[in-house]
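This report concerns only the one structure given below.
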Amino acid sequence: MASRHGFRALRNFGKFAGSCRALQPASTFSSLRQIAPSINRVAGSPFISQTGVRSFASGMFGTFAEDGKISPHGGKLVNTMVTDEKEKAALISSCKSTMELSDRNACDVELVCVGGFSPIDGFMSEGDYTSVVDNMRLENGLLFGIPVVLDTDDEAVAPGDKVLLTYKGQNLAVLTVDSKYSPNKPKEALGSYGTSSIEHPGVAMISMERGKYYLSGKVQGLEIPTRPFPCKTPEEVRAGLPSNTDVVAFQCRNPVHRAHYELFTRALFADNVGKGAVCLVHPTCGPTQDDDISGEVRYLTYVVLKEETNNPSIQWEYLPYSMHMAGPREAIQHMIIRKNYGCTHFIIGRDMAGSKSSVTSEDFYGAYDAQDLAKANAEELGMCTVPSLNVVFTQEEGYVTADYAKEKGFDVLKLSGTKFRKMLRGGDDIPEWFAFKSVVKVLRDAQK
C-alpha cells in the first residue's frame with residue numbers, strides 16, 4: 001500500500017514538475033516541500049528529503065541558500081568590509097595616494113564592498129569591462145548589466161599601488177590597483193546605453209564626468225558612507241526577509257504616489273507569486289537625473305508613507321545606487337542587485353530606467369524594451385519578472401486596470417506629472433486619489 005501511494009505521489013510529482021516551470025523558485029520550493037511527505041512513503045523510505053527538494057528546485061529554477069533565501073548572483077555574497085581596527089590602520093598606512101570619490105563613485109564603492117554587486121569584489125578589469133559592454137556578461141560568463149568602473153585622470157597611479165578612497169571626510173576603502181587602462185568610451189556608451197548621443201544623461205556622464213583612465217582591482221571597505229538615510233547591507237536586508245517565501249522587489253527613484261502603491265501591492269497577487277509573499281520596496285537614493293528630487297527628500301516621503309500605510313506585507317529599505325538611465329541594461333543590473341538583497345521577483349515597469357533626449361525629448365528606449373530583456377534573462381538569473389499593471393483611477397470603482405476601465409466604459413481621471421508639480425509649487429490642493437497627503441506635505445515642506 002505504501003508503495004502504491006508513493007508511486008501515485010511520484011506520478012503527481014511529475015505532473016507538478018511539468019507545470020511549475022512557469023513558477024518562481026521560492027513558491028516552487030514551498031510546493032515541492034508540501035508534496036514531499038507523500039513521496040517519502042515510497043517503499044517506506046525517505047525518497048526526497050528537504051535537502052533533496054531544495055536540490056531539485058535549485059536545478060530547475062536557480063539555487064537557494066540553506067537559510068531558505070535565494071542565493072546571491074554567482075552563488076556567494078561578497079563582503080570586503082574590514083572589521084579589525086589594526087588591519088584598517090595598516091591598510092591606510094600602506095596607501096601611496098588618496099582619491100576623493102564623487103557621489104556616484106561612492107555609491108559604487110559601497111555596493112562593491114557590501115555585496116550589492118556580487119560576484120564582483122572590486123572595479124572591473126579591462127577584460128570584464130569589455131565583456132560586459134559587448135556581451136552583457138563578465139568574462140566568466142555570468143550576466144552583468146553595466147560595467148562597474150573607477151575613473152581617474154591621475155597619471156602617476158600605477159598597478160600595484162594602494163589608493164585610499166575618501167568621501168566627504170571619511171576613509172571609505174582601499175583599492176589595490178591591478179591594472180590601469182584607457183576605456184573605449186564611445187563603444188561603452190553604445191553598448192551600455194544603446195546610443196552614443198551626448199543627449200543621453202549616461203553618455204554625457206561617461207564623456208564629461210569620467211576621467212581618461214579606468215582602474216581595476218579589489219576594494220577593501222573601511223567605513224560605510226554617512227548618509228541622511230539608512231542603507232542596510234544585503235546581509236542585513238536578507239536577515240529581515242522571511243525564509244522560503246517569495247520576495248517581490250519594487251524599484252523606484254521618485255516619491256511613491258497612489259498608482260505606484262496600487263501597482264506593487266497588487267503584484268503580490270500575480271499568478272507567478274506565491275501565497276504569503278512580501279514586497280520589498282527598495283528605492284534608489286543615490287544620484288539620478290538633474291531634475292529628480294533629492295535622495296534625502298525622497299527618503300522622507302518613504303518614511304511617512306510607511307507609517308501611513310502600515311502594511312505588514314510591505315518592507316521598506318533603501319539602496320545607495322546611482323542611476324544610469326540605461327533602460328533595458330539597467331533593468332538587468334537592478335535584477336542582479338535585488339537578487340543579492342534576497343528578492344525572487346522583480347516588478348518591471350513600462351519604460352523602466354528610461355531616458356529622453358535633452359534636446360528633442362524623444363525616448364531613447366521603447367516602452368517595453370526593459371520588460372522584454374528582463375523576461376529573456378529571468379530564467380538564467382533564477383528570478384521571475386512581474387510586469388507592472390497599467391492601473392488608472394476611475395470615478396466608478398477607484399483604481400482598476402486600464403483594460404478593465406475601457407471594457408466597462410468608466411470615467412478615468414488623469415493628472416500628469418507636469419501638472420502635479422505645477423500644483424505642488426502653486427500650493428493647490430492635490431487630489432487624494434493621486435497622491436498621499438503625507439507625501440505631499442513632505443514635498444511642500446522641502447520647497448520652503
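The amide H of GLY122, built 1.01 Å from its N in the peptide plane, has VAL219 as neighbours under 5 Å, considering only residues 5 or more places off or on other chains.
Relative to the Cα centre, the charge distribution of the range 234-447, modelled as +1 at Lys and Arg Cβ and -1 at Asp and Glu Cβ, gives a dipole magnitude of about 260 debye. Taken along its principal axes, the alpha carbon cloud of the range 211-254 reaches lengths of 45, 28, 23 Å, longest axis first.
Taking Lys and Arg as +1 and Asp and Glu as -1, the other residues whose beta-carbon sits under 12 Å from that of GLU380 total +2. Projected over every direction and averaged, the convex hull enclosing the alpha-carbon atoms of the range 139-233 yields 8.1 nm².
Across every pair of non-identical alpha carbons in the range 178-253, the mean reciprocal distance, once inverted, gives a Kirkwood radius of 16.6 Å. With the alpha-carbon atoms of the range 63-203 aligned to their principal axes, the span from lowest to highest coordinate is 47, 46, 26 Å, starting with the largest.
Between ASP67 and TYR368, the simple label model (points 7 Å from Cα in the Cβ direction) yields a spacing of 3.8 nm. Seen from PHE229, the other residues with C-beta closer than 12 Å to its C-beta sum to a net charge of +1, counting Lys and Arg as +1 and Asp and Glu as -1.
Taken together, the values in this text are just the output of simple stated rules run on the coordinates, not laboratory data. Computed from a predicted model, the values in this text were never measured in an experiment. We place every Cβ from the backbone using ideal geometry, glycine too, and count neighbours over all the protein chains shown.
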